[in-house]
1. May I ask you to list the residues in the stretch 200-233 that are within 16 Å of ligand 3 (Cβ to nearest atom) and small (Gly, Ala, Ser)?
2. Kindly list, by first and then second residue, each pair from a residue in the stretch 60-77 that is under 15 Å from Ile41 (Cα atoms) to a residue that is within 13 Å of ligand 1 (Cβ to nearest atom), limited to pairs with Cβ atoms under 6 Å and residues at least 6 apart or on different chains.
3. Can you tell me how many residues in the stretch 242-290 are in a helix (DSSP H, G or I) and of a type outside the set (Gly, Ala, Ser)?
4. In contact with a strand residue (DSSP E or B) (Cβ under 7 Å, 6 or more places away or on another chain) and crowded, with 19+ Cβ neighbours inside 10 Å - does that describe any residue in the stretch 301-311?
5. Between Ala43, Ala39, Ala28, Ala59, which is crowded, with 17+ Cβ neighbours inside 10 Å, part of a strand (DSSP E or B), within 16 Å of ligand 2 (Cβ to nearest atom) and among the small types (Gly, Ala, Ser)?
6. Being away from ligand 1 (no atom under 16 Å from the Cβ), within 30 Å of Pro168 (Cα to Cα), buried (at least 16 other Cβ atoms within 10 Å of the Cβ) and not β-branched (Val, Ile, Thr) is the requirement here; does Ala278 meet it?
7. Please count how many residues of the stretch 238-270 are among the hydrophobic types (A, V, I, L, M, F, W, C), more than 16 Å from ligand 1 (Cβ to nearest atom) and touching a Leu at 6+ places or on another chain (Cβ under 7 Å).
8. From the list Ala278, Ala322, exactly one residue is without any contact (Cβ under 8 Å) to a residue 60 or more places away in the chain and more than 16 Å from the chain's Cα centre (by Cα). Which is it?
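The values are calculated or read from the model by the stated rules, or taken from the named source; none is laboratory data. What you are looking at is a predicted structure, and each value in this text was computed from that prediction instead of being measured. Ideal geometry is used to build each Cβ from the backbone, glycine not excepted, and the neighbour counts take in all protein chains shown.
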Amino acid sequence: MIKYKDIGLVNMREMMEKAMKGGYAIPAYNFNNMEQLQAIIQACVETESPVILQVSAGARKYANQTLLRYMAQGAVEYAKELSGGRPLPIALHLDHGDSFELCKSCIEMGFSSVMIDGSHKPYEENIELSKKVVEYAHEFDVTVEGELGVLAGVEDEVKSDVHVYTQPEEVEDFTKRTGVDALAIAIGTSHGAYKFKPGTETKIRLDILAEIEKRIPGFSIVLHGSSSVPSELIEKINNYGGQMKDAVGIPEEQLRLAAKSAVCKINIDSDGRLAMTAAIREVFNEKPSEFDPRKYLGPARDALKELYKHKNVNVLGSAGHAWD
Ligand code: G3H
Ligand code: 13P
Ligand code: ZN
């Protein structure tokens, strides 16, 4: 059993409490490799933002869970080095955990937080599973995120074509009976780069969020699927030979509004993928003789860092809050 506190990580509780009071949201960025992790840490140190490092099932398959955990441990030390010795608040979180066994294994390996995503299960089964994870996790002061409602789009192998919005009348019962520390809700965001049909309104249901907030005041809410799919990145990708027609994301102003409310954690992954892809395509197009991976992964890392700095400062509002 590795205790996350021994390796310098923190759980999400305190950071979310501060975010709630301060009217901002903590960035939850996914990582699968060294360049993504470097970009996240550099951006968050430079903008003085707390951060949640997320590991998905796909990341575990791609990079190996043990390696990712040790990379997060390295990231704690790396952040300290960059910030002149001041430890940045960093949580290591399992994204979309689908079973008790997986959550338990992450906790034993040093994760400071886990998500148990029972959102595709019937309500009572979701409660039972989430409660079991909470009981285990809380023994070790590990925080737990649950989910109610189903996001449209693709989550690992699970695909859902329609949103099942979170029902505000269920949230009080769910949070009380499970004991989760944070609740992910479905209000019209979705995973991936194709969130809205072209020509349709790009709005999320902030009215449902307000209703949820009324029912569980002060409770930490999480938004998944919160990439904005910047049109300049799509254009750049397409100009350099990509084919990403009709990719549309969540407008940044709407996320900013959500971050000012009870939304304390915002998950962003796809925008980072777009920033890296655009930078790599540019190098491949402009310097076709280049074959040193550092020459294209380096610019991709720099582009990712700039994107995350922008998110922290202008979208989530977490910049400047690392040491509140
Ligand atoms: O929720 C989805 C995240 O973007 C992670 O994606 O499962 O392809 O790693 P992934
Ligand atoms: P995006 O696909 O919108 O970046 O969402 C990521 C996410 O929710 C990770 O859990
Ligand atoms: Zn998600």
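1. First, the residues of the stretch 200-233 that are within 16 Å of ligand 3 (Cβ to nearest atom): 204, 220-229.
Matches in the stretch 200-233: Ser220, Gly225, Ser226, Ser227, Ser228.
2. What qualifies is Leu68/Val55; Ala72/Leu53.
3. Quick first cut of the stretch 242-290, residues in a helix (DSSP H, G or I) only: 252-260, 270-286.
Filter again for of a type outside the set (Gly, Ala, Ser), leaving 252-257, 260, 271, 273-274, 276-277, 280-286.
Residues in the stretch 242-290 being in a helix (DSSP H, G or I) and of a type outside the set (Gly, Ala, Ser): 19 in total.
4. Step one: of the stretch 301-311, the residues in contact with a strand residue (DSSP E or B) (Cβ under 7 Å, 6 or more places away or on another chain) are 308, 311.
This time we only want the ones that are crowded, with 19+ Cβ neighbours inside 10 Å, so: 308, 311.
Checked against the condition, which is being in contact with a strand residue (DSSP E or B) (Cβ under 7 Å, 6 or more places away or on another chain) and crowded, with 19+ Cβ neighbours inside 10 Å, the stretch 301-311 yields at least one hit.
5. Values: Ala43 fails: part of a strand (DSSP E or B); Ala39 fails: part of a strand (DSSP E or B); Ala59 fails: part of a strand (DSSP E or B).
Going through Ala43, Ala39, Ala28, Ala59 in turn, the sole match is Ala28.
6. Values: away from ligand 1 (no atom under 16 Å from the Cβ): yes; within 30 Å of Pro168 (Cα to Cα): no; buried (at least 16 other Cβ atoms within 10 Å of the Cβ): yes; not β-branched (Val, Ile, Thr): yes.
The answer is no for Ala278.
7. So the answer is 4.
8. On the way: Ala322 fails: without any contact (Cβ under 8 Å) to a residue 60 or more places away in the chain.
Unique residue meeting the criteria: Ala278.
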